[in-house]
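Okay, structure first, notes after.
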Ligand code: TYM
């Protein structure tokens, strides 16, 4: 069976973008692949997090993974920092990555361009840790949204470089980006990605948002003055985004939705999208409440960390032998 690995970084609550671009795909794939999914808590702290809030966000993320359909019997679910090999290999990866490569990462470049202050060294070297996250497990595929593709491509470059320098060690993984829903945009600024870190709550639907608030956000989504429901991403990015959300969740093609909406107004489309999103979130939230009160999370994370560690420690030991930092082990 081929293997997949992915993660989400819960710097805040998980978003509809995380769900459509990533989480729901993990759920689809778990029957056909050996699936490793973790909560990227080391990545969270590249930006300061209030410790109490962070603890809650991490627990919520695990509960949401399961509420969205990840099954701990089928997928290995764990917390990144519970498997210490991630940080250790992350350092080794940083020693095999060039500054020029990190300077080219668009996420970091965007933050620099905005003149954000207080950017940490951890944020800069984050792609090296992400490479370690992936390469420890030799996955065939890494399912991600569009914005993470560049990081997976860097991971491939690092793996190939390492394999050439030290002989075959890592499987070179492929990013897997789904056609529909790979980049869900902000509802009130459809030229920017829907994101928890933008501090833009009106444009971002959170999986645990009150459903009335979700409906309001969707009904107030920024559109345009063209007045026709059609596929025109360049001139009607807001409508395109609503069609994308609809299509990703309902499975109906954007063309078919547009055909049904000939001669109808934006308000009706928004109401239908709101119904679909709220229907999906309602199911997720009710499962989430059961999971949180069941106390099952600790056991799931313990089992997951044991399974993940079993693979990760062997890979790290192999890497350390190859690069020559061990004395007694050959
Ligand atoms: P993160 O936490 O920013 O996002 C998690 C996943 O959700 C996808 N995503 C989106 N997809 C569509 N539309 C959006 N608006 C949207 N927002 C987020 C992301 O593409 C991603 O797939 N560095 C990673 C976490 C990570 C990781 C890894 C992923 C750490 N180690 C190893 C894969 C493998 C991150 O910050 O994702």
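Every read-out reported here was derived from the displayed coordinates using simple, explicitly stated rules and does not represent laboratory data. Because the structure is a prediction, the values reported are computed rather than measured. Neighbour counts are summed over all protein chains in view; Cβ atoms, including those assigned to glycine, are modelled from backbone coordinates with ideal geometry.
Relative to the longest principal axis of the C-alpha atoms of the chain, give the angle of the C-alpha long axis of helix 85-94, reported between 0 and 90° and rounded to the nearest 10°.
That helix lies at roughly 90 degrees to the long axis.
I need 196, 314 ordered by Cβ neighbour count within 10 Å, fewest first.
314, 196
Dividing the alpha-carbon Rg of the chain by 2.2 N^0.38 Å yields what?
On the way: Rg = 20.7 Å, N = 330, 2.2 N^0.38 = 19.9 Å.
So the chain has a normalised radius of gyration of 1.04.
With 23 Å as the cut-off, how large is the P(r) tail for segment 1-126, expressed as percent of Cα-Cα pairs?
Percentage above 23 Å: 40.
May I ask you to give the average projected area over all directions of the convex hull of the Cα atoms of segment 269-330, in nm² rounded to one decimal?
That works out to 8.1 nm².
As an exercise, find the ratio Rg/Rh for segment 1-46 from alpha-carbon atoms, using the Kirkwood inverse-distance average for Rh.
We get a ratio of 1.01 for segment 1-46.
How big is segment 187-330 by Rg and Dmax over its Cα atoms, in Å?
22.8, 76
At 222 nm, what value in deg cm²/dmol follows for the chain if DSSP H runs of at least 4 each add -39500 (n - 2.57) and the sum is divided by all its residues, to the nearest 500?
-16000 deg cm²/dmol
At a 10 Å Cβ-Cβ cut-off, how would you order 226, 39, fewest neighbours first?
226, 39
With everything on Cα atoms, drop me the angle between helix 51-67 and the longest principal axis of the chain, reported from 0 to 90° to the nearest 10.
Computed tilt is about 70 degrees.
Which order do 3, 24, 321 fall in if you start with the one that has the fewest other Cβ atoms within 10 Å? If you can, show how the numbers build up before the last one.
Values: 3 17, 24 20, 321 14.
Lowest count first: 321, 3, 24.
Compute the distance from the alpha-carbon center of segment 109-152 to that of segment 252-330, in whole Å.
17 Å
Report the far tail of the P(r) of segment 117-222, meaning the percent of Cα-Cα pairs longer than 16 Å.
Result for the distance tail: 68 percent.
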